[in-house]
Amino acid sequence: MKTPDNLSNLVKQFCQILPKDSVLAKKEQLSVYECDALTAYRQIPRIALLPETQEQIKAIIKICKKLQLPVVVRGAGTSLSGGALPHAKGVLLNTAKLNRILEIDPENRTATVEPGVTNVAISEAVKPLGLYYAPDPSSQIACTIGGNIAENSGGIHCLKYGLTVHNILALKILTIDGEIIDLGGKHFDSPGFDLLALMNGSEGMLGVVLQATVRLLPEPDGRKVLLAAFDRIQDAGNAVAAIISSGIIPAGLEMMDSFTVMATEKYCSLGYPKDAAAILICELDGFEEDIQSQVLQTQKILDSHHATEIRLAKNKDEEEKFWKGRKSAFPALGNLSPDYYCMDGTIPRKHLANVLEEINFLSKKYGMSVANVFHAGDGNLHPLILYDANRAGELETAEQLGSEILQLCVKMGGSITGEHGVGVEKLDQMCVQFNSAELQTFHSIKSAFDEYQLLNPGKAIPTLHRCAEFGAMHVHGGEMPHADLPRF
């Protein structure tokens, strides 16, 4: 029989494991955890815990299993899909204090870290060794490795160097049953099923990450960054496809439309071409001899696709200036609108131009501005829908517009997410991308690891009943149902 689990009793039990100031139960303490970066959905957790050791996490999970308490694991809260949204009756488990780099192994080019280590901290720690950690999401100064693993984060350089899943060599996982599982190692492969890959992008639904061993790369010998402007966004999209099909794999290949360029110029005045319909930023790295030939070839491709201006950064300062605008795009757009809804879908590169045209059509259809800034090289779109949550109905309209964009991605042979995950945001769109048999397989995997559905429940995988409702309403043209969650 379960032990009584009223709040005061829970506080007492958890205070036996953690220092008193690491057990948060007052509303004013919990309000900071009510949402992640998707602020449209908010929920105060029942209790929040801030462990500092793996042993404390194991003791917490033991209590939660015994009392059948839902557990939502959270890092820095930079998730953009509601993946870290708390459960009203559950525990919010914050791993931010587990922030130690446990080992740096330059000979094997690996680092072993706790889940609360920030993404950028790894590269900073190994920089004196001439190494770095390749995945670089825009929030890398704040986001943690545990969260990167949960969402399979990418970043500007994922085109050439891969997503988180391609850069994690080993994980130590704690299951809801209290079992510690070691997956992978400092080698390229391990026997048995590839559970290491399964954990990347599992959104905290299968286990708690206690430790990760990441792959380090040597800093490239050289780097060149180009910026190209276009009068037509279609030409920019076609140029992206042409660069990749030519055999050149840039370290990064990013696109910004005119709306984003203007917002960025207003925000940080970098000298971007203000009259361009779109700009591309292309980074080439490797050996100096190879880079020089790739620069010439890339310039020819850009010119043949009607680039109105092509700039080659003369030094490191100019390179950083080119990239600063791209990395400042989200705050720049946030400076123009009370709220924005950041989408995340992927498409085959060859369809970039057509999809951008269709997004423009949908923007006019719904009467909402959409700014496009994305990882063009791998077809990972990030349309930002600008709206005002204080105006009745605008959030719902933004969600419907976003839903159509994601369904367009699926129609074009892409996916509803590239690096932000599903969380609570894209549950309905999962019903579009996957059939009932596939969704049932996902549920079976979840049950194999978490029989009682305690880890991050209600996220990522929709119920078949929900999909039946969404399908019926979608087919008959009714309003799209939203998650049954508190909303701002």
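Of the residues making up region 159-213, those that are within 27 Å of residue 452 (Cβ to Cβ) and in contact with a Phe, Trp or Tyr (Cβ under 8 Å, 6 or more places away or on another chain) are 175, 176, 205, 206, 207.
When residue 409 is tested against (1) under 21 Å from residue 202 (Cα atoms); (2) modelled with pLDDT of 95 or more, exactly one condition is not met: (1). Within region 394-424, restricting attention to residues that are touching a strand residue (DSSP E or B) at 6+ places or on another chain (Cβ under 8 Å) and outside any helix (DSSP H, G or I), the residue that is surrounded by the fewest Cβ atoms within 10 Å (Cβ to Cβ) is 415. Per the conditions (1) out of contact with any Asp or Glu (no Cβ under 9 Å at 6 or more places or on another chain); (2) aliphatic (A, V, I, L, M); (3) modelled with pLDDT under 95, the sole criterion not satisfied by residue 332 is (1).
Taking into account only those residues within region 178-220 that are assigned to a loop (DSSP other than H, G, I, E, B), small (Gly, Ala, Ser) and in contact with a Gly (Cβ under 8 Å, 6 or more places away or on another chain), which is nearest to residue 161 (Cα to Cα)? Looking at residues that are assigned to a loop (DSSP other than H, G, I, E, B), small (Gly, Ala, Ser) and in contact with a Gly (Cβ under 8 Å, 6 or more places away or on another chain), I get 201.
Of these, 428, 388, which one is without any contact (Cβ under 8 Å) to a residue 60 or more places away in the chain and surrounded by fewer than 18 Cβ atoms within 10 Å (Cβ to Cβ)? Show your work before the answer.
Values: 428 fails: surrounded by fewer than 18 Cβ atoms within 10 Å (Cβ to Cβ).
Every option except 388 fails the conditions.
Quick check on this structure: which one of 414, 418 is touching a residue at least 24 places away in the same chain (Cβ under 8 Å), closer than 22 Å to residue 459 by Cα and under 14 Å from the mean Cα position of the chain (by Cα)?
Result of the check over 414, 418: 418.
For region 442-482, a tally of residues being at pLDDT below 90, in a loop (DSSP other than H, G, I, E, B) and acidic (Asp, Glu) returns 1.
Annotation: of all residues in region 199-238 being among the aliphatic types (A, V, I, L, M) and at pLDDT below 95, the one that is surrounded by the most Cβ atoms within 10 Å (Cβ to Cβ) is 236.
The values are calculated or read from the model by the stated rules, or taken from the named source; none is laboratory data. From a predicted model like this one, the values you see are computed outputs, not experimental measurements. Virtual Cβ from ideal backbone geometry, glycine too; neighbours counted across all protein chains shown.
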